[in-house]
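Trainee: The structure is given below, and queries will be raised subsequently.
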4 protein chains.
Amino acid sequence: MPKKIRLGILGGGGDSLIGILHRVAAQINDNYELVGAVFSSNFEKNKAFAQALNMPLERIYEDFKMFVEEEMKLPESERIRVCAVLTPNYLHHQMALELFEKGFHVICEKPLTTSLEKAKALQKAHKKAGTVFALTHTYTGYPMVRQMREMIKSGALGKIHKVDVVYYQGWVNTVIHDEDKRSSVWRLDPEKAGISSCMGDIGVHAFNMLEYTTGLKVKSVLSDFNFLYQDNTMDLDGTVLIRLGDYAKGVVRASQIATGEENGLAISIYGEKAAFRWEQEKPNFLYLLSDSLPTQVYKPGHTYNSELSLDGTKLPAGHPEGIFDAMANIYKGVAKAVRGQKYNDGEFPTMLDGVRGMNFIEATVASHRGGNVWVDLE
Amino acid sequence: MPKKIRLGILGGGGDSLIGILHRVAAQINDNYELVGAVFSSNFEKNKAFAQALNMPLERIYEDFKMFVEEEMKLPESERIRVCAVLTPNYLHHQMALELFEKGFHVICEKPLTTSLEKAKALQKAHKKAGTVFALTHTYTGYPMVRQMREMIKSGALGKIHKVDVVYYQGWVNTVIHDEDKRSSVWRLDPEKAGISSCMGDIGVHAFNMLEYTTGLKVKSVLSDFNFLYQDNTMDLDGTVLIRLGDYAKGVVRASQIATGEENGLAISIYGEKAAFRWEQEKPNFLYLLSDSLPTQVYKPGHTYNSELSLDGTKLPAGHPEGIFDAMANIYKGVAKAVRGQKYNDGEFPTMLDGVRGMNFIEATVASHRGGNVWVDLE
Amino acid sequence: MPKKIRLGILGGGGDSLIGILHRVAAQINDNYELVGAVFSSNFEKNKAFAQALNMPLERIYEDFKMFVEEEMKLPESERIRVCAVLTPNYLHHQMALELFEKGFHVICEKPLTTSLEKAKALQKAHKKAGTVFALTHTYTGYPMVRQMREMIKSGALGKIHKVDVVYYQGWVNTVIHDEDKRSSVWRLDPEKAGISSCMGDIGVHAFNMLEYTTGLKVKSVLSDFNFLYQDNTMDLDGTVLIRLGDYAKGVVRASQIATGEENGLAISIYGEKAAFRWEQEKPNFLYLLSDSLPTQVYKPGHTYNSELSLDGTKLPAGHPEGIFDAMANIYKGVAKAVRGQKYNDGEFPTMLDGVRGMNFIEATVASHRGGNVWVDLE
Amino acid sequence: MPKKIRLGILGGGGDSLIGILHRVAAQINDNYELVGAVFSSNFEKNKAFAQALNMPLERIYEDFKMFVEEEMKLPESERIRVCAVLTPNYLHHQMALELFEKGFHVICEKPLTTSLEKAKALQKAHKKAGTVFALTHTYTGYPMVRQMREMIKSGALGKIHKVDVVYYQGWVNTVIHDEDKRSSVWRLDPEKAGISSCMGDIGVHAFNMLEYTTGLKVKSVLSDFNFLYQDNTMDLDGTVLIRLGDYAKGVVRASQIATGEENGLAISIYGEKAAFRWEQEKPNFLYLLSDSLPTQVYKPGHTYNSELSLDGTKLPAGHPEGIFDAMANIYKGVAKAVRGQKYNDGEFPTMLDGVRGMNFIEATVASHRGGNVWVDLE
């Protein structure tokens, strides 16, 4: 019988998006147990964060070195088995190398590292280690993305001749036009973020989506970037012409200055028989276009979906998976109340809501039974 | 410093939607620790399910009676503090009464119980107990639902004169037209589901949404139901005329035979100054309509939202909260791999994806730097 | 070989929506020629309006009586054959009776007249006359509405058990809350508008849509209206419970105080096999829902559509029919220029746009041919 | 007082989209009167088509030469003033030159001609002639496109840094994969269609939309095309990198092999302060995006729109302009009936619909007045 897998997290402290995303995701299918971490390079912050997560401090380590040393002293039956590497990009390489060597499984945030050369070194080390490695191109986990992949694999589109992927965000627009602001953003500092801002952070997601869904490999690229200001050395926006072989072509568009765009990842894939269209901001709707038939809208959880897609759906059709969060918000309010903390009216439905509900149900039944008459609620 | 709150679950075993929803939600904000349960009235199934969740069996109890007795023997510092009641509707009443009496906090699935009379008895007992009680009208946890409530409270719509709420599902259509099938569905058996199927299960959500968002109270109702077949005694569909006082009127529509509808909960609220429109299947989009200005689209996570709404948002704007699930699917695939179980290609991005990504980033940079020339990927 | 049909118009002068709608519609398929009219009861306004339409004044008559008398003096080969009756509702009855008697074909705006009794008298007179009569429930002319009708007729939905139609507008909200304003609106004056404002003006469209698409007949209704203020005697909003026989039920919702709604006519039809959903504000998208298959989106102009639908489509798929208006706007700008009237830059594309376009085409070709190099435009 | 402007049409016979578009557009605002034409180079077809349009044959000319000669013989007060040139691209040049010389105003289909050189010759001739010339980039006539232009002009977006325009169609996919089919399509024959298929036909629309809305000029382009098959010499798909100066960049994407796409013209314009998004297939919705405020949805006909936009709107808000076509379909059905031609049930609403409508209105009023009781329809 499977026990929970012991998980360690490196990085992802504070209110980073990535941190909460990995912690929640690790819990959702009841597979992992978070037992140790180095959330921050600042030990005080590290411990404080662990406490905020209600974690015991025994396995909250001072740094990565100690993390590895101490865990290796534990018997294998207690040792962390999977490490999630959520640190800045430039640290991925050394950490993953060390973790491979010691036999840990690794879940690593993208991009893999800061250069192709280092990436290949990692690839080699991983091959030698033989442990599990996963790179969190999160968007490939959506049920309808998986459905695209499986249907393409089984020929639903025919031979593909064109792919168009876009990933537009607008957040850099809020800092780039002020010289002081833009010089203080770490993503725009090549020391910290590597050779690329826009391509490195989000263009690579679009690229991965393209190869993941189509099963095709990009053969060559031609790109044009925009930097807007001369004192800015990092790409903020770029269009990449794509060749997928002699036949198929495509385009990858990415931007961090697409004003007002939030997280606009979308893909269109055109084949001889049909086409797919999918948008990350409405992830439960997958469109199958055809020249001669009505467009079909695929949604998660239906039996018409592939096994891979269904394996990634936990709820009946029509429940946006964000419903977990709606429920979580109610639990959050209750936790405040239980702990005697201040909370707002409206954070969770109360006894009164329950009484009102029963009143409503009985009144509607009485109205219908009475011959469609008006019935007052109390 | 807050510790995790000890949680017990009653019901919700097997693959019930409600079970997974509560377990995941309880984990999302790092507030709860699931320590005990009676997942099923069948003890073997109960234990097997706990094991599937990787829970220790010590506090997996044979039945509700033993759950309460054994927990009460524990010192308060170890005892379960919050109980989630996910059992069939007719059991809510007795369980909640007992839990109130013993001082447990209670999170209870809707509807509260099976009659207004019992609901009031619960209300009384709860008042006496003074513990926390929450009814899981989950949809009120959505950030944009909370935003509606807060903006209405602060006068954004002016005086409200009309409310229109709908909750349409289609699933009963798949069983109702076959006499054998329909007689074997528990929701259509008044013994098990109470006096109402459609109103009791989903109409009550629509009603709650109406009162939650508007702050208004329904004064009287006039309803008409559809049963379709004479041997079916449970409402499958109903329209309810609503009076909210002398001025405002409304309508609640609910159906379980709205063929092809999935989970179509939606609300429109019309006031003298403006109106709101929101749909559960696209929960991140809230529309503010006006007679004289462009429609405004509110989305979660922006600073223009109310405190109550922002408190329920964990991610930057543009991330559908379902992204947790996308990430969870990747963790799920890794768990299979770590455990040596069979998994499909495509369940998580691999080292190769990381290498390809670096290759892409470097190639696009090289292309741009080279004067927009074609650069091959390896 | 068919000649154009001589058309006369009664009412519809000034900037009435109805007037322009009929005139344009009459021209679109090259079938009609507008030769005579009484646009207004004020003869000066009548003539001025005719001149504004560039019509000769010979057959612009002083009133309806003269219209009929003078036209009847003309030989049949010159006489108006079809009369469009666009006058206020209370005039429809007498005009149509007279026109039937004299052998004219009649196109009449809805509602037919001001009471069921008068409606039946008209029905009788029409039967006797044997001429063509059409009531302009315009929305039934949309290609996708026709497609619904035809597919339902051929069994695509199976037996229908539920229908939900809505027609929400918000314009009365802008006048109703001011006592002076509301007392001066003709639609809220029962003398002028008949017994009903909301049902009479738009509820009846929703009703017609229901019967047109489903082929079912409404058997009985139960309604509730809202008047908002005691000194207002006309319904502004209403919900109507519908029975379509022993089996199927439905609801018609209509409102003129649905703040911010523009022309929100929509219909959902649920049958045992499938369901339809259609919205007037996005008239080219027809959704076919199913419990077990992906939703299908039907659009105009495709060969998969019925003959009736295709007969109503003049353009290739993907051209919203509003494109006629886009082109008309360009022609309008040219007319201003030709007549030496003032017009704005941007009213029509100029020679310079043409030169730029050629420049663009040649430059893109040169860039590609040159091996994807940058090519400047002039 | 303005009279209708005499219009002549060259080309556009048969069932060409372009023909009907120009004829209808010319009628919509009551400005033009179609008096002469050469619809086809085949005189018999030409005359037959004119008859089908119910036009007298006196000014249906054998060819362009005769068209000009005969019209010039007429006194100016009868002569055609505006000529619409809808012939194949390669004929535009000679016709427009001749028409300019003789003093006609010209409305010409795009692209202007077949080479930049010829375009400039035309430009020169036009300047000399001093008549009105309009190129029908139809999409610039949409009210919301005009609204974009005016708001950008008045600074709503701030300085623009990125533009993304797309025009995707799929129709070539249905012919290109069959060697025989593709060799017989005139658009893929450089003799007939010029140097470019995809860019020449639709890319140029996207380009024009970019310059029209932004007021910016494209400085240089870098393009990559796809031809799919070696025996095909015409571009079917292309991506064009755009530079608009030192600061702003952009991309134009166009395709005729985007399987299942119908007429997918769309534009996004990103400025420092805000951004616009608009799609041709839903032309009444214009989105204004911002980093810090809710998205605003502009729609036609509201007073918040610019004068240029409002000048192009004929109907109240909420009426898709395609409603003209819905009404036109009803008039078409009536014409069939009047002429004694076969027509289908459902082509226009009948007397019975009118009687039913009155019955419905009276019944709903009676139900409400009777205290919300059921009232039967007859």
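The values are calculated or read from the model by the stated rules, or taken from the named source; none is laboratory data. Model, not experiment: these values are computed from the prediction. Cβ: placed from backbone, ideal geometry, glycine included. Neighbour counts: every protein chain shown. Areas reflect the complete protein model, heavy atoms only, side chains present, ligands, DNA and RNA absent. Shrake-Rupley method; radii C 1.70, N 1.55, O 1.52, S 1.80 Å.
Trainee: Filter segment B:269-284 down to the residues that are touching a helix residue (DSSP H, G or I) at 6+ places or on another chain (Cβ under 7 Å) and assigned to a loop (DSSP other than H, G, I, E, B) and list them by number. Can you show your working first?
Mentor: Residues of segment B:269-284 that are touching a helix residue (DSSP H, G or I) at 6+ places or on another chain (Cβ under 7 Å), as a first pass: B:269, B:272, B:276, B:278, B:280, B:283-284.
Those that are touching a helix residue (DSSP H, G or I) at 6+ places or on another chain (Cβ under 7 Å) and assigned to a loop (DSSP other than H, G, I, E, B): B:272, B:280, B:283, B:284.
Trainee: Pairs please, first residue from segment D:68-82 and farther than 14 Å from residue D:10 by Cα, second anywhere and open to solvent by 90 Å² or more (accessible area, probe 1.4 Å) and modelled with pLDDT of 95 or more, Cβ atoms under 9 Å, 6+ apart in sequence or on different chains.
Mentor: Pairs that qualify, where the first residue is farther than 14 Å from residue D:10 by Cα and the partner is open to solvent by 90 Å² or more (accessible area, probe 1.4 Å) and modelled with pLDDT of 95 or more, are D:79/D:73.
Trainee: Quick one: residue A:223 ticks every box in (1) farther than 29 Å from residue B:300 by Cα; (2) away from chain D (no Cβ under 14 Å) except a single one, so which number is it?
Mentor: Only one criterion in (1) farther than 29 Å from residue B:300 by Cα; (2) away from chain D (no Cβ under 14 Å) is unmet by residue A:223, namely (2).
Trainee: If you go through segment B:83-96 one residue at a time, how many are of a type in the set (A, V, I, L, M), within 14 Å of another protein chain (Cβ to nearest Cβ) and in contact (Cβ under 8 Å) with a residue 60 or more places away in the chain? Break it down stepwise before answering.
Mentor: Pass one, segment B:83-96, residues of a type in the set (A, V, I, L, M): B:84-86, B:91, B:95-96.
Those left that are additionally within 14 Å of another protein chain (Cβ to nearest Cβ): B:84-86, B:95-96.
Keeping just the survivors that are in contact (Cβ under 8 Å) with a residue 60 or more places away in the chain gives B:84-86, B:95.
Number of matching residues: 4.
Trainee: Do we find that residue A:271 is facing chain B (nearest Cβ under 10 Å) and among the small types (Gly, Ala, Ser) in this structure? Spell out the reasoning first.
Mentor: Numbers: facing chain B (nearest Cβ under 10 Å): no; among the small types (Gly, Ala, Ser): yes.
The answer is no for residue A:271.
Trainee: Find the residue count for segment A:91-134, including only residues that are touching a Leu at 6+ places or on another chain (Cβ under 7 Å) and within 28 Å of residue A:75 (Cα to Cα). Step through it out loud before you land on a result.
Mentor: Within segment A:91-134, the subset touching a Leu at 6+ places or on another chain (Cβ under 7 Å) is A:92-93, A:95-97, A:106, A:108-110, A:112-113, A:119, A:122, A:125.
Subsequent filtering for residues that are within 28 Å of residue A:75 (Cα to Cα) retains A:92-93, A:95-97, A:106, A:108-109, A:122, A:125.
Total meeting the criteria: 10.
Trainee: Report, by residue number, each residue of segment A:138-160 that is facing chain B (nearest Cβ under 9 Å) and either of a type in the set (Asp, Glu) or under 30 Å from residue D:173 (Cβ atoms) (or both).
Mentor: Of everything in segment A:138-160, those that are facing chain B (nearest Cβ under 9 Å) and either of a type in the set (Asp, Glu) or under 30 Å from residue D:173 (Cβ atoms) (or both) turn out to be A:139, A:140, A:142, A:143, A:145, A:146, A:149, A:150, A:153.
Trainee: Additional query: Out of all the residues in segment D:241-253, which are in contact (Cβ under 8 Å) with a residue 24 or more places away in the chain, part of a strand (DSSP E or B) and either open to solvent by less than 10 Å² (accessible area, probe 1.4 Å) or touching a Pro at 6+ places or on another chain (Cβ under 8 Å) (or both)?
Mentor: D:242, D:250, D:251, D:252
Trainee: Ok, one more. Cβ contacts < 7 Å: first residue without any contact (Cβ under 8 Å) to a residue 40 or more places away in the chain and away from chain B (no Cβ under 12 Å), restricted to segment C:163-192; second residue part of a helix (DSSP H, G or I) and open to solvent by 90 Å² or more (accessible area, probe 1.4 Å), any location; separation 6+ or different chain. Result?
Mentor: Taking only residues 6 or more apart or on different chains, the pairs are C:186/C:192.
Trainee: Now a separate question. Could you check, for segment B:98-105, whether at least one of its residues is in a strand (DSSP E or B) and in the same structural domain as residue B:16 (by TED's automatic domain parsing)? Spell out the reasoning first.
Mentor: Start the filter on segment B:98-105 by keeping residues that are in a strand (DSSP E or B), which leaves B:105.
Okay, now just the ones that are also in the same structural domain as residue B:16 (by TED's automatic domain parsing), so B:105.
Looking for residues that are in a strand (DSSP E or B) and in the same structural domain as residue B:16 (by TED's automatic domain parsing), one finds at least one in segment B:98-105, hence yes.
Trainee: Could you check segment A:224-240 and list, in sequence order, the residues that are in contact (Cβ under 8 Å) with a residue 24 or more places away in the chain, of a type in the set (Phe, Trp, Tyr) and either surrounded by fewer than 23 Cβ atoms within 10 Å (Cβ to Cβ) or farther than 27 Å from residue D:272 by Cα (or both)?
Mentor: As a first pass, look at segment A:224-240 and keep what is in contact (Cβ under 8 Å) with a residue 24 or more places away in the chain: A:225-226, A:228-229, A:231-238, A:240.
Now narrow it down to the ones that are of a type in the set (Phe, Trp, Tyr): A:225, A:229.
A:229 - this is the single residue of segment A:224-240 that is in contact (Cβ under 8 Å) with a residue 24 or more places away in the chain, of a type in the set (Phe, Trp, Tyr) and either surrounded by fewer than 23 Cβ atoms within 10 Å (Cβ to Cβ) or farther than 27 Å from residue D:272 by Cα (or both).
Trainee: Within segment D:5-19, can one find any residue that is modelled with pLDDT under 95, within 14 Å of another protein chain (Cβ to nearest Cβ), over 23 Å from residue D:96 (Cα atoms) and surrounded by 20 or more Cβ atoms within 10 Å (Cβ to Cβ)?
Mentor: No: zero hits.
Trainee: Moving on. Which is at pLDDT below 70 and at negative phi, of D:320, D:294, D:300? Spell out the reasoning first.
Mentor: Working: D:294 fails: at pLDDT below 70; D:300 fails: at pLDDT below 70.
Going through D:320, D:294, D:300 in turn, the sole match is D:320.
Trainee: Which residues, counting only those in segment D:212-223, are surrounded by 23 or more Cβ atoms within 10 Å (Cβ to Cβ) and of a type outside the set (Ser, Thr, Tyr)?
Mentor: D:218, D:221, D:222
Trainee: Could you tell me how many of the residues in segment D:63-87 are part of a loop (DSSP other than H, G, I, E, B), open to solvent by 20 Å² or more (accessible area, probe 1.4 Å) and either closer than 19 Å to residue D:43 by Cα or not assigned by TED's automatic domain parsing to the domain that holds residue D:47 (or both)? Before you say what the answer is, go through the steps one by one.
Mentor: First pass over segment D:63-87, keeping only residues part of a loop (DSSP other than H, G, I, E, B): D:63, D:74-81, D:87.
Restricting the remaining residues to those that are open to solvent by 20 Å² or more (accessible area, probe 1.4 Å) gives D:63, D:74-79, D:81.
Then drop every residue that is not either closer than 19 Å to residue D:43 by Cα or not assigned by TED's automatic domain parsing to the domain that holds residue D:47 (or both), which leaves D:63.
Here the count works out to 1.
Trainee: When residue D:133 is evaluated against the numbered criteria (1) hydrophobic (A, V, I, L, M, F, W, C); (2) more than 9 Å from chain C (Cβ to nearest Cβ); (3) under 23 Å from the mean Cα position of the chain (by Cα), which criterion, by number, is the only one it fails?
Mentor: Going through the list (1) hydrophobic (A, V, I, L, M, F, W, C); (2) more than 9 Å from chain C (Cβ to nearest Cβ); (3) under 23 Å from the mean Cα position of the chain (by Cα), residue D:133 breaks only (2).
Trainee: If I go through segment D:99-118 residue by residue, how many of them are at pLDDT 90 or above, farther than 15 Å from residue D:36 by Cβ and either surrounded by fewer than 17 Cβ atoms within 10 Å (Cβ to Cβ) or of a type in the set (D, E, K, R) (or both)?
Mentor: Final tally of qualifying residues: 2.
Trainee: Moving on. Report those helices (runs of 4 or more DSSP H) wholly inside segment A:119-202 carrying at least 2 residues which are at pLDDT below 90 and surrounded by fewer than 18 Cβ atoms within 10 Å (Cβ to Cβ). Even if it seems obvious, please write down each step before you answer.
Mentor: Values: elements: A:143-153, A:173-176, A:179-183, A:190-193.
The helices (runs of 4 or more DSSP H) meeting that bar are A:190-193.
Trainee: Taking segment B:203-240 on its own, how many of its residues are within 18 Å of residue A:359 (Cβ to Cβ) and not in a helix (DSSP H, G or I)?
Mentor: Summing the residues that are within 18 Å of residue A:359 (Cβ to Cβ) and not in a helix (DSSP H, G or I) in segment B:203-240 gives 13.
Trainee: Now for a separate question. Out of all the residues in segment C:1-39, which are basic (Lys, Arg) and assigned to a loop (DSSP other than H, G, I, E, B)?
Mentor: Here is the first cut: in segment C:1-39, the residues basic (Lys, Arg) are C:3-4, C:6, C:23.
Answer for segment C:1-39, where residues must be basic (Lys, Arg) and assigned to a loop (DSSP other than H, G, I, E, B): C:3, C:4.
Trainee: Then there's this: Exactly one of these conditions fails for residue B:56: (1) closer than 24 Å to residue B:208 by Cβ; (2) free of Cβ contacts under 8 Å to residues at least 60 places away in the same chain; (3) within 13 Å of chain A (Cβ to nearest Cβ); (4) not in a strand (DSSP E or B). Give me its number.
Mentor: Exception for residue B:56: condition (1).
Trainee: I'm trying to understand the selection: among the residues of segment A:254-268, which are in a strand (DSSP E or B) and either away from chain B (no Cβ under 11 Å) or more than 18 Å from the chain's Cα centre (by Cα) (or both)?
Mentor: To start, the set of residues in segment A:254-268 that are in a strand (DSSP E or B) comprises A:254-255, A:264-268.
If the condition is that a residue be in a strand (DSSP E or B) and either away from chain B (no Cβ under 11 Å) or more than 18 Å from the chain's Cα centre (by Cα) (or both), then A:255, A:266, A:267, A:268 are the ones that fit.
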